[in-house]
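The block underneath contains the structure these notes are about, expressed in structure tokens.
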Amino acid sequence: MAHILVVDDEQEIGRFLTRLFKMKEMEVTYAESGAAFDRLSRHDQFDVAFVDVRLSDRNGLELLKELKRKAPRCKVVIMTGYSTVRMAVEAIQLGAEDFLEKPFEHIEALEELLDKLTAQKEEEDYIQAALAAGAFLGTSSDMHDLYRLAFKLAAKQITILIEGETGTGKEVLARFLHQSGSRAEAPFIGVNCGAISESLLESELFGHTKGAFTGAASDRAGYVETAGSGTLFLDEIAEASLATQVKLLRVLETGEFFKIGDPAPKRTNARIIAASHTNLEQAVADGAFREDLLYRLDVVKLVIPPLRKRPSDIPLLIEAYKQKQRLPFSFSPEAMEVCMRYNWPGNMRELGNLLQRLAALYPEELFVTPEMLPQKMTETLSTKRMTAAPAPSFDQEWRRFSDYIADLYAGNEPISLDKLMQEMKGMEKRVAEAFIQKSLRETAGSRAQTAERLGISKRKIRYYLNET
């Protein structure tokens with residue numbers, strides 16, 4: 001039986017939620033104030049908490065922080081009658097699962113939310129949704145945190161700005177947002193503003209009427225209109241001209257746009273997701289981007305980490321790509337080391353291009369060596385590192401260690417306690433790392449599940465993976 005906490009200083013709402021949740025055969029605790037919340041003996045007993053953001057004696061966001069600290073597994077829903085987008089985003093960034101506006105107009109939606117939060121699932125929803133969208137999260141905590149946050153924001157009707165270097169997967173994240181929200185059945189229209197000439201971009205975005213300009217032989221709907229009630233993804237938004245930016249600003253502010261040659265405004269219900277590999281704040285300072293448009297776009301900013309920030313994912317990415325494309329080759333330890341030490345300025349796209357190149361150049365080769373990689377990848381490593389013997393596998397190291405301990409115990413080796421302790425200390429991290437990597441593979445990269453499985457903290461995981 002799930003245990004629900006309700007914190008609200010409006011007693012009518014507190015009684016209503018208590019009755020509703022008890023009708024669903026759930027245990028309910030009601031606190032009418034922040035002080036009452038403080039008097040609760042145990043906060044880790046709750047599975048779900050519904051917290052009003054404006055209590056008479058406390059800010060609900062403070063209670064959210066305290067709950068996430070004392071009971072990290074408790075799922076928190078923030079409630080308010082004074083909703084603002086930034087407040088909702090702040091609550092979700094602090095760990096809230098959702099954000100509800102009072103009064104509750106649709107009780108069925110409230111019940112569905114509660115059922116979703118109390119359901120026991122083997123795998124977290126955001127991981128399944130990421131796989132469906134073609135995203136690869138790997139073991140990087142930054143990527144998991146990013147997609148977990150994006151999953152919570154997907155259902156919110158807010159504008160999102162995605163920033164990330166070239167090739168990091170900005171469109172993949174945009175598709176993930178689209179597919180994870182209520183607009184999944186509507187169109188997803190992606191436009192690369194940098195790939196369309198300035199003279200054509202306005203027509204492509206907003207459409208035109210017959211005879212609006214030379215060559216306009218018929219009416220044409222633009223991408224804003226085609227997106228309908230779906231999602232319009234504007235990649236490389238910084239490449240749009242200032243004149244086009246003004247018209248995009250009107251779409252964001254009013255939902256209205258004008259087709260070229262048509263004096264009558266049209267309306268769109270499309271959700272706008274924008275992306276850029278350049279720093280838009282710097283573009284504003286340089287006079288290349290409108291400040292008012294940036295404010296409209298930057299309601300929520302999602303920043304994708306570059307590939308060089310998560311080198312431990314590179315072997316997993318290579319393996320996943322090989323399986324997807326059914327490529328037969330494998331990498332030598334030296335070649336894999338080159339890949340993990342390389343800077344990857346083109347990120348995921350560059351890695352995919354490299355694997356395609358290898359498959360085309362060496363269709364019969366089964367073992368990739370450093371000599372087969374582009375010179376720019378190998379020139380940063382010394383000759384000594386390039387020609388070093390392959391590193392022993394964990395299995396080899398474990399067998400050697402086990403044999404050494406067995407020989408000591410049998411008396412076949414002279415005992416040196418100092419040497420024995422050094423050997424054991426060296427194997428401690430190798431054993432821990434091996435079990436952590438195995439658990440991460442089995443949980444699709446979930447560090448939360450791995451920490452729970454192995455009985456350690458996330459900080460310990462970072463320590464054993466040499467991330468701190």
Just the accessible area for V172, please: 1.4 Å probe, Å², rounded to the nearest 10? 50 Å²
For V299, residues with placed amide H under 5 Å, excluding near neighbours: L161
Per residue of the chain, what 222 nm ellipticity follows from adding -39500 (n - 2.57) for every DSSP H run with n ≥ 4, rounded to the nearest 500? -14500 deg cm²/dmol
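Could you give the length gained by full extension between L200 and E101, i.e. 0.36 nm per residue of separation minus their alpha carbon distance, to one decimal place?
31.4 nm
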Starting from the coordinates of the alpha-carbon atoms of the range 85-210, obtain the Kirkwood hydrodynamic radius over all distinct pairs and give the value in Å to one decimal. 17.0 Å
Which shape class, rounded, prolate or oblate, goes with the range 41-142 when its Cα gyration tensor gives a ≥ b ≥ c as root eigenvalues, a/c under 1.5 marks rounded, and past that a/b bigger than b/c marks prolate? prolate
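Loop only per DSSP, at most 11 neighbouring Cβ atoms within 10 Å: give me the trypsin sites (Lys or Arg not before Pro) in the range 34-126, ordered by residue number.
When the trypsin sites (Lys or Arg not before Pro) of the range 34-126 are filtered for loop state and at most 11 Cβ neighbours within 10 Å, R42, R73, K121 remain.
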Hey, got a sec? Which GluC sites (Glu not before Pro) in the range 32-140 land in a DSSP loop and have at most 12 other Cβ atoms within 10 Å? E105, E122, E123
Applying 1/(1 + (r/R0)^6) with R0 = 22 Å to the Cβ-Cβ distance of K22 and S56, what FRET efficiency is obtained, to the nearest 0.05? 0.30
Protein chains only, probe 1.4 Å: how do T80, T159 rank by accessible area, largest first? T159, T80
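Treat the range 271-344 as a sphere of radius equal to its Kirkwood radius over Cα pairs and apply Stokes-Einstein at 10 °C in a medium of 1.306 mPa s; give the translational diffusion coefficient in µm²/s, rounded to a whole number.
Reported coefficient: 101 µm²/s.
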So how strong a dipole does the range 303-345 carry about its Cα centre when Lys and Arg Cβ are +1 and Asp and Glu Cβ are -1, to the nearest 20 debye? 180 debye
Accessible area of L55, 1.4 Å probe, to the nearest 10 Å²? 20 Å²
Suppose R0 equals 60 Å. What FRET efficiency, 1/(1 + (r/R0)^6) with r the Cβ-Cβ distance, do S402 and E253 give to the nearest 0.05? 0.30
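Would you mind giving the average projected area, over all directions, of the Cα convex hull of the range 178-252 in nm² with one decimal?
Values: hull surface 21.9 nm².
Average projection, Cα convex hull of the range 178-252: 5.5 nm².
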Both in Å, the radius of gyration and Dmax of the C-alpha trace of the range 135-265 are 16.4, 55
Taking a ≥ b ≥ c as the square roots of the Cα gyration tensor eigenvalues, with a/c under 1.5 meaning rounded and otherwise prolate when a/b beats b/c, else oblate, which class fits the range 1-92? rounded
With all protein chains in place and a 1.4 Å probe, M23 shows an accessible area in Å² (nearest 10) of 150 Å²
So which chymotrypsin sites (Phe, Trp or Tyr not before Pro) in the range 206-279 end up in coil per DSSP with only 13 or fewer other C-beta atoms within 10 Å? F213
What's the whole-number percent of alpha carbon pairs in the chain lying beyond 41 angstrom? 36 percent
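Could you tell me the relative contact order of the chain? Use alpha-carbon pairs under 8 Å, at least six residues apart, and round to a whole percent.
Result for the chain is 11 percent.
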When each of K116/K322; K68/K309; K24/K460 is checked by Cα-Cα distance, pairs over 31 Å: K116/K322; K24/K460
Amide proton proximity set for R271, modelled H, under 5 Å, gap of 5+: G230, T231, L232
M372, M79, M1, ranked by accessible area, largest first (probe 1.4 Å): M1, M372, M79
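The values are calculated or read from the model by the stated rules, or taken from the named source; none is laboratory data. In this text, all values refer to a predicted model and were calculated from it rather than measured experimentally. Here the Cβ is made from the backbone with ideal geometry for all residues, glycine too, and neighbour counts use every protein chain on show. Quick note on the areas: whole protein, heavy atoms, side chains included, nothing else; ligands and nucleic acids left out. Shrake-Rupley method; radii C 1.70, N 1.55, O 1.52, S 1.80 Å.
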